[in-house]
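Engineer: I am attaching a structure below and will ask some questions about it afterwards.
The values are calculated or read from the model by the stated rules, or taken from the named source; none is laboratory data. Predicted model, so just to flag it, every value in this text is computed and none were measured. Positions of Cβ are generated from backbone atoms using ideal geometry, with glycine treated the same way; all protein chains shown enter the neighbour counts.
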Amino acid sequence: MTAKQSNGHTLAPIQASSLYFTPLPPTHVVPPGKESHGRYMLTIPWNRVSGWGQPKIGPRQDLTFDPLAGVLQYAVTCFEGMKCYKTDKGDLRLFRPKKNFDRLKRSAGRLGLPCEWDNDELLELFAKLMALEQPLVPSTDGSNLYIRPTLLETSEGFGIKEDAFAAEALLYVVTTLNLGLGLYPSSEGDKGIKLDACNEYIRAWPGGTGSYKLGANYGTVNISKKPGYAMSLWLHGKEDFISEAGAMNVFIIKEAPDGYLEFITMPLSNGIVLPGITRESIIELLQDHASDKQDFPLEGVPKKIRVVERDFSMPEIIKGLEDGTLKGMFGCGTGVVVVTVGEIQYQSQTYKIPSNPIIKVLRDTMTGIQRGKIDEGRSWSVQVPEWNPQGKEGEQEEHVTAA
């Protein structure tokens, strides 16, 4: 990607070739309580005059901001959730990383943060960071190295500005072990997770920011979670339509009048739910299977199925339980992959959701693709090249201040 002209200035792109690497010092000691965190971090500064600054990978460290930085004053920050997996052969894999990069661009644009970069350049930097953490990545099923790319406003964001765009920003990437390890398994005989249908708090609304992965969407909703329940099942509208469960997308499995098994999930059109990458992948696999374009990677999914993207409500779930048409319910996302929903509390009553063996097939398929055990024919699993730098690497370290 070449530099762009904006407001009369040349804005530099992200360039992996300008990476400056600082190895861990020989005296490095992991601080107490930080044993599960990655040792390195990637940082890329940005300002609206010069564009993207020099990428750096070095020891993980604290960040420093002005007290009036936009991230502190108005929560001007967005992030992504990704995972790195180790295969049985010991190589590392990422799952559809450019989908995450595109979604991060979309979230950044909603906040007035920088939202243009070459995904190939960013992927090369990600791969180098993952390669450095290779010894930490576990190889057992269900385990992973969780990756948290975060983009935030570091310039002063105090008061009303002439425009909504940040003057300075920082993209950084850190890792930690095993987010989701052992959480919410959908194994045989598993009863599934318990959800509390919440209509006291509203997570998102049409025209809001529910479909963007913004920090403010998540920190403010934790208070709604009730003890004894895995997460809240978010409702909206007078019909008590379902949007998400916690921070994951939701599907119900329902038998249609024509005998087809329908996988129903809320549409993206009203901007309430996050466009999940696991969600999108499951839909694509199911639709290709139903249309005979490509068989489902694992056996156990019938041919007479269809994917339906529409609103569905708690009253519809209750009716489906009463007439027997509701055949199962599951959530999906980066953290949980795929998880059975076994019980919902709604209006002081508890509703047991039937289990469905297809949900385990979906989970085993997704985890198999992520770990490189299943080739779905779409190149979703991206192998991380080895990288073993010696000492400092790259051009001379830059020190940039915004104009």
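Engineer: Being modelled with pLDDT under 85 and either aromatic (Phe, Trp, Tyr) or over 28 Å from the mean Cα position of the chain (by Cα) (or both), is that true of even one residue in the stretch 10-31?
Structural biologist: yes
Engineer: If you don't mind, there's one more thing I want to ask. What number of residues within the stretch 30-47 are closer than 14 Å to Leu145 by Cβ and among the small types (Gly, Ala, Ser)?
Structural biologist: 2
Engineer: Now a separate question. Can you go through Asp295, Asp288 and tell me which one is in a loop (DSSP other than H, G, I, E, B), without any contact (Cβ under 8 Å) to a residue 24 or more places away in the chain and either among the hydrophobic types (A, V, I, L, M, F, W, C) or surrounded by fewer than 22 Cβ atoms within 10 Å (Cβ to Cβ) (or both)?
Structural biologist: Asp295
Engineer: Here is a follow-up. Sort out which residues of the stretch 36-53 are closer than 21 Å to Glu133 by Cα and outside any strand (DSSP E or B), and write them in order of number.
Structural biologist: Within the stretch 36-53, Ser36, Gly38, Arg39 qualify.
Engineer: Further, regarding this structure: Look through Thr334, Thr340 and report the one residue that is in the same structural domain as Asn270 (by TED's automatic domain parsing), crowded, with 17+ Cβ neighbours inside 10 Å, touching a Pro at 6+ places or on another chain (Cβ under 9 Å) and within 22 Å of Val361 (Cβ to Cβ).
Structural biologist: Only one candidate qualifies: Thr340.
Engineer: Could you say whether any residue in the stretch 78-99 is at pLDDT 95 or above and polar (S, T, N, Q)?
Structural biologist: No: zero hits.
Engineer: Which one of these is more than 24 Å from Ser50 (Cβ to Cβ), in the same structural domain as Ala127 (by TED's automatic domain parsing) and part of a helix (DSSP H, G or I): Lys99, Lys105?
Structural biologist: Exactly one of Lys99, Lys105 is more than 24 Å from Ser50 (Cβ to Cβ), in the same structural domain as Ala127 (by TED's automatic domain parsing) and part of a helix (DSSP H, G or I), namely Lys99.
Engineer: Still on this structure, I have one more. Check the stretch 127-144 and report whether any residue there is surrounded by fewer than 22 Cβ atoms within 10 Å (Cβ to Cβ), closer than 17 Å to Leu104 by Cα, of a type outside the set (D, E, K, R) and in the same structural domain as Thr22 (by TED's automatic domain parsing).
Structural biologist: No, there is no match, as no residue in the stretch 127-144 is surrounded by fewer than 22 Cβ atoms within 10 Å (Cβ to Cβ), closer than 17 Å to Leu104 by Cα, of a type outside the set (D, E, K, R) and in the same structural domain as Thr22 (by TED's automatic domain parsing).
Engineer: Has the stretch 358-379 got any residue that is surrounded by fewer than 21 Cβ atoms within 10 Å (Cβ to Cβ) and over 20 Å from Glu284 (Cβ atoms)?
Structural biologist: Within the stretch 358-379, none of the residues are surrounded by fewer than 21 Cβ atoms within 10 Å (Cβ to Cβ) and over 20 Å from Glu284 (Cβ atoms).
Engineer: Would you confirm, using the coordinates I've provided, whether Gly38 is buried (at least 22 other Cβ atoms within 10 Å of the Cβ) and either farther than 30 Å from Asn388 by Cα or not assigned by TED's automatic domain parsing to the domain that holds Arg103 (or both)?
Structural biologist: Answer is no for this residue.
Engineer: Among the residues of the stretch 204-223, how many are buried (at least 18 other Cβ atoms within 10 Å of the Cβ) and at pLDDT below 90?
Structural biologist: 1
Engineer: Which of the residues belonging to the stretch 127-172 are under 20 Å from Lys34 (Cα atoms) and assigned to a strand (DSSP E or B)?
Structural biologist: Correct list: Leu145, Tyr146, Ile147, Arg148, Pro149, Thr150, Tyr172.
Engineer: When you scan the stretch 263-282, do you find a residue that is touching a Lys or Arg at 6+ places or on another chain (Cβ under 8 Å), farther than 30 Å from Gly208 by Cα and not polar (S, T, N, Q), even just one?
Structural biologist: No.
Engineer: Next question, about the same structure. Pick from the stretch 251-285 the residues that are touching a Cys at 6+ places or on another chain (Cβ under 8 Å) and of a type in the set (A, V, I, L, M, F, W, C): which of them is surrounded by the most Cβ atoms within 10 Å (Cβ to Cβ)?
Structural biologist: Within the stretch 251-285, the match that is surrounded by the most Cβ atoms within 10 Å (Cβ to Cβ) is Phe251.
Engineer: What do you reckon, is Leu274 under 25 Å from the mean Cα position of the chain (by Cα) and under 21 Å from Thr365 (Cβ atoms)?
Structural biologist: no
Engineer: Could you grab me the full set of residues in the stretch 71-96 that are in contact with a helix residue (DSSP H, G or I) (Cβ under 6 Å, 6 or more places away or on another chain) and buried (at least 20 other Cβ atoms within 10 Å of the Cβ)?
Structural biologist: Val76, Thr77, Cys78, Glu80, Met82, Cys84, Tyr85, Leu92, Phe95, Arg96
Engineer: Within the stretch 301-340, which residues are part of a loop (DSSP other than H, G, I, E, B), in contact (Cβ under 8 Å) with a residue 60 or more places away in the chain and under 27 Å from the mean Cα position of the chain (by Cα)?
Structural biologist: Within the stretch 301-340, Val301, Asp311, Phe312, Thr334, Gly335, Val336 meet the criteria.
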